[in-house]
Amino acid sequence: MESGNTIPIIVEFSGGLEMLFSDERKHKLSVPAKDDQGNAVNIGWLVQHLCQEVMKDSRKEMFVLDGHVRPGILVLINDADWELEGEASYALQPDDNILFVSTLHGG
Amino acid sequence: MESGNTIPIIVEFSGGLEMLFSDERKHKLSVPAKDDQGNAVNIGWLVQHLCQEVMKDSRKEMFVLDGHVRPGILVLINDADWELEGEASYALQPDDNILFVSTLHGG
Amino acid sequence: VTQRRWPLSEEEYKRYGRQMIVPNVGIQGQLRLKAASILIVGAGGLGCPASVYLAGAGVGIIGIVDGDVVETSNLHRQILHNTSKVGMKKVDSAISNLKALNPNIKYNAHTEHLTPQNVAEIVSQYDLVLDCTDHPTSRYLISDTCVLLQKPLVSASALRTDGQLIVLNTPPLPPGNENGGPCYRCVFPKPPPAESVVSCGDGGILGPVVGVMGVLQALEAVNACSATAELTLEKLAAMDYAFFCGVAAPVKVL
Amino acid sequence: VTQRRWPLSEEEYKRYGRQMIVPNVGIQGQLRLKAASILIVGAGGLGCPASVYLAGAGVGIIGIVDGDVVETSNLHRQILHNTSKVGMKKVDSAISNLKALNPNIKYNAHTEHLTPQNVAEIVSQYDLVLDCTDHPTSRYLISDTCVLLQKPLVSASALRTDGQLIVLNTPPLPPGNENGGPCYRCVFPKPPPAESVVSCGDGGILGPVVGVMGVLQALEAVNACSATAELTLEKLAAMDYAFFCGVAAPVKVL
Ligand SMILES: [Zn+2]
Ligand SMILES: [Zn+2]
């Protein structure tokens, strides 16, 4: 929002999370390259952004709990578990694919 | 083989065709950018190349018949049917994924 | 009037409740499934799992075509049959099991193989066809008939550890109409040479591999029958074949 | 000596012939399947298709755990049960059908729910476990037990039109060994809040969706039991989780 530079990314939701995001599984987003403090935007920033700007549903706690992605949601960065990439501190790169999967329990 | 320029591509086989190619489904190949006549290499060239240089199996007719990919084999260029891309005349691009699928009939 | 307010019986509400609450199914989707008739060609490795999930889902009429009898070598993958049914017609074995699962459905037994002589009369009775056969000859016969009779077709096959699935002739417009979906002959204009055709008997097959393909056929059929128009159009947009039915002339089976 | 040359009966050669000729199975793979014992936890939408394909494939011992009875609302997706079995224990209903399909197998009925009290005694009898349950509590209980008893675990779930599958604790090394595969608790260290957990009863489920997941569990189990060592290592290399069992402490269930 500061800088004119933006990064195109794809954010996907599955396992029911898409219901919180206008029932759309795939969102093409353009995010600023830097946050308000001039730091590269990371997944932590993205999660807040999704919660505040993209999610229309009022049940924020189904996505974020105590400032973190709620337990039971797997985050994949370009098909790899985000734990391999530094979790919330991973800096977004152009054309990254970020997938949020809610674990299912039915059987 | 003329020019030093080469193009990296991925060739995949499935539906049993992999058995003709050393039982490997995925082949990373480096092909020359131009053929002997100085034309850009295309799928037609690739098919001959696979048949002559890559296939160890003697049953060439299971892959090529009368100079063409045998009936019953679907060719996908970057996940699209090759009929949309000009079939054998499609010129290979760097990082193309060419998939040869033999139709299965069992049930 | 009572019938309008409660278009399904109490038993049906119980039986299908868990699928009726799925978004995009609902009571309308369930009624469309109940009004639908589906033909399953082949009561083998694909037809067994496909038919059991379609019977579970409450399709109104299920027809099964097969001329074979149950053999012991079928049982590792043809899960509707069982050891005591060896020697019985596959169609009769399958239908007796399906009836036990869901007696609300009308089952039609066609205990003969599809031939150019009987194919039109059989296929014409149904809304949608599942090709669960195991030879290219029957695949062209079924697809050509579906083109001429304008029936959507869900075709699957499996061998060893590989499976393939393709939804054909969807939407099923008159031959030559470019807005129609491709048929089997559009995708494979020339039949494969005989020596390249490997059967499950010769090449082998893992039961769960052909099982997954059969269940996926049932899923495509449930989607096609229960879906709203928007869903169908969305699926259509995902197809990207260049040729459409009627471009290559189907054989004359009618 | 005769037994060595013909390690299977004539009936078994007939029954399993089509899968024995699949490359990577062969007579050795069939014998490994016959020597294997698999526990299926849950005889519902996942356990029905999983168990029927494992019985078809010739797994030596199949145990099924479930304390529930068959209800009409199960029948659209729980294809081993049928209308006449409503009210019967699911485990008994399932095993009577599986016996008819393949009487060569030893079936163990565990007609109670898994609890922290009985889980170790039951799981310890088997080589591999399929989690076909429908609640996070049982998923952690099963995974933690599999870690402590060093059993590989194939876990699946489904809801509405989505399905998930994960192969856990493979290879099943002692807790703390970093070369072991991740467990459920490695992947999901904290249980989800209760209000985020939606059951099939509340969210709905399409039969073929949960059906595909159950058949895929059977496929993973067949691969795990019949595969050669090379295949197993190849699969291992494809996993890329950072945490491994023992990093997060499993609950004490033993
Ligand atoms: Zn056509
Ligand atoms: Zn762990």
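To keep it simple, each residue is scored yes or no on (1) more than 22 Å from C:L216 (Cβ to Cβ); (2) away from ligand 1 (no atom under 16 Å from the Cβ).
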{"residue": "C:V70", "(1), (2)": "yes, yes"}
{"residue": "C:Q78", "(1), (2)": "no, yes"}
{"residue": "C:E121", "(1), (2)": "yes, yes"}
{"residue": "C:L141", "(1), (2)": "yes, no"}
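Taking C:G204, is it closer than 20 Å to B:P71 by Cα and crowded, with 19+ Cβ neighbours inside 10 Å? So C:G204 does not fit the description; no.
From the list C:P152, C:P136, the one residue that fits, being touching a Pro at 6+ places or on another chain (Cβ under 8 Å), more than 13 Å from B:G107 (Cα to Cα) and not acidic (D, E), is C:P152.
Taking the stretch D:8-59 as the range and being under 29 Å from D:I205 (Cβ atoms) and out of contact with any strand residue (DSSP E or B) (no Cβ under 9 Å at 6 or more places or on another chain) as the test, the residues that pass are D:G44, D:C48, D:P49, D:V52, D:Y53, D:G56, D:A57.
Within the stretch D:132-144, is even one residue within 14 Å of another protein chain (Cβ to nearest Cβ), assigned to a strand (DSSP E or B), touching a Phe, Trp or Tyr at 6+ places or on another chain (Cβ under 7 Å) and within 16 Å of ligand 2 (Cβ to nearest atom)? Within the stretch D:132-144 (the criterion being within 14 Å of another protein chain (Cβ to nearest Cβ), assigned to a strand (DSSP E or B), touching a Phe, Trp or Tyr at 6+ places or on another chain (Cβ under 7 Å) and within 16 Å of ligand 2 (Cβ to nearest atom)), the answer is no, since none of the residues qualifies.
The number of residues in the stretch D:192-212 being within 8 Å of chain A (Cβ to nearest Cβ) and either touching a Lys or Arg at 6+ places or on another chain (Cβ under 8 Å) or at pLDDT 90 or above (or both) comes to 7.
Scanning the stretch C:18-34 for residues being part of a loop (DSSP other than H, G, I, E, B) and crowded, with 24+ Cβ neighbours inside 10 Å gives a total of 1. Please state which of the following conditions C:N169 fails to meet, knowing it meets all the rest: (1) over 24 Å from B:L17 (Cα atoms); (2) more than 21 Å from the chain's Cα centre (by Cα). If we test C:N169 against (1) over 24 Å from B:L17 (Cα atoms); (2) more than 21 Å from the chain's Cα centre (by Cα), just (2) comes out false. Checking the stretch D:52-60 against the condition returns a match, with at least one residue being modelled with pLDDT of 95 or more, aromatic (F, W, Y), within 16 Å of D:G214 (Cβ to Cβ) and under 14 Å from the mean Cα position of the chain (by Cα). Note on the stretch D:174-208: among residues that are among the acidic types (D, E) and either part of a loop (DSSP other than H, G, I, E, B) or more than 26 Å from C:L33 (Cα to Cα) (or both), the one that is nearest to ligand 1 (Cβ to nearest atom) is D:E195. Only one of the numbered conditions (1) farther than 24 Å from D:K85 by Cβ; (2) assigned to a loop (DSSP other than H, G, I, E, B); (3) within 11 Å of chain D (Cβ to nearest Cβ) is not met by C:P7, and that is (3). Among the residues of the stretch C:152-164, just one is more than 10 Å from every other protein chain (Cβ to nearest Cβ) and without any contact (Cβ under 8 Å) to a residue 60 or more places away in the chain, namely C:L153. The single condition among (1) closer than 30 Å to C:G44 by Cβ; (2) free of Cβ contacts under 8 Å to residues at least 60 places away in the same chain that B:S102 does not meet is (2).
Out of D:A242, D:A238, one residue alone is more than 16 Å from ligand 2 (Cβ to nearest atom), modelled with pLDDT under 55 and more than 20 Å from the chain's Cα centre (by Cα). It is D:A238. Tell me yes or no: at least one residue of the stretch D:157-164 is surrounded by fewer than 24 Cβ atoms within 10 Å (Cβ to Cβ) and either modelled with pLDDT of 95 or more or outside any strand (DSSP E or B) (or both). Yes. Against the condition assigned to a strand (DSSP E or B), within 14 Å of ligand 1 (Cβ to nearest atom) and more than 14 Å from chain B (Cβ to nearest Cβ), how does C:V167 come out, does it pass? Against the criterion (assigned to a strand (DSSP E or B), within 14 Å of ligand 1 (Cβ to nearest atom) and more than 14 Å from chain B (Cβ to nearest Cβ)), C:V167 qualifies.
The values are calculated or read from the model by the stated rules, or taken from the named source; none is laboratory data. Keep in mind it's a predicted model, so treat the numbers as computed, not measured. Neighbour counts run over all protein chains shown; Cβ positions are idealised from the backbone, glycine included.
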